[in-house]
Amino acid sequence: QLVELLQERGHTGAAMAHLEEATARTEDDPRAFFLLAQMLYDQQRYPEAARLVAKAIELDAHIAHAHLLQGRIAQAEGDSELALRAFYSALAEDPHDPQARFQLGKQLFLRGSSEQAAPLFRRLIEEDQACSPEGGEAWWLLGQCYARQERWSEAAQAMAAGIELRQASANDWRELAQTQFRAGELQAARSSLLLALKLNPQDEQARTLQQE
């Protein structure tokens with residue numbers, strides 16, 4: 001509670017000092033190791049954070065957020081295998097955690113496992129779309145999964161839903177337009193192209209697509 005109070009008041013250094021003292025004083029408090037690891041992760045001190053979160057999990061393997069943090073650190077360090085295992089563990093410990101579901105789905109998607117990722121995104125959308133900050137990205141990645149499977153109508157629908165909930169780039173609008181063309185949604189595709197070109201008038205791919 002003291003650590004959380006210090007963080008709320010912006011005293012990050014004092015909070016870290018308190019946690020460092022706690023972990024030095026006793027080596028059997030997984031929460032202290034986890035909280036310190038989280039703060040180090042926020043400062044991009046990944047090797048130190050990785051060591052401490054591993055210690056927290058060693059002390060208590062049932063802390064879902066510790067597994068989630070371990071996965072995020074592994075992602076930052078480019079260790080996709082550890083990230084995947086950690087996100088699986090996080091979801092196993094808390095099957096209703098939207099962040100664990102999203103991160104696992106994203107990791108599977110990045111590995112090319114679209115058929116495994118899609119159900120995770122669908123369930124996240126169905127159960128948590130009203131409050132999850134990952135909602136827009138989940139819609140978008142679900143659409144990407146469908147596109148990889150050449151399910152163009154479903155892909156266009158999911159990507160169109162996702163693009164409204166995220167900060168879309170010109171490339172996003174162009175990609176949506178390409179998917180809508182493949183789905184036969186020509187009017188929607190042209191509208192998406194106009195938005196892509198409005199954001200980036202020099203987008204050659206969008207200009208070529210507009211002329212087709």
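The values are calculated or read from the model by the stated rules, or taken from the named source; none is laboratory data. These figures come from a predicted structure and were not determined experimentally. Neighbour counts run over all protein chains shown; Cβ positions are idealised from the backbone, glycine included. All accessible areas refer to the heavy atoms of the entire protein, side chains included, with ligands and DNA or RNA removed. Shrake-Rupley method; radii C 1.70, N 1.55, O 1.52, S 1.80 Å.
Here is how the numbers come out for the structure above:
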| item | result |
| --- | --- |
| Candidate set from segment 33-60 (those that are touching a residue at least 24 places away in the same chain (Cβ under 8 Å) and in a loop (DSSP other than H, G, I, E, B)); member that is most open to solvent (accessible area, probe 1.4 Å) | Gln44 |
| Check on Gln144, open to solvent by 10 Å² or more (accessible area, probe 1.4 Å), in a helix (DSSP H, G or I), modelled with pLDDT under 95 and within 27 Å of Gly78 (Cβ to Cβ) | no |
| Qualifying position, being under 25 Å from Gln99 (Cβ atoms) and of a type in the set (A, V, I, L, M, F, W, C), among Leu194, Leu199, Leu141 | Leu141 |
| Single residue of Leu104, Leu120, Leu82 found to be under 13 Å from Leu68 (Cα atoms) and surrounded by 22 or more Cβ atoms within 10 Å (Cβ to Cβ) | Leu104 |
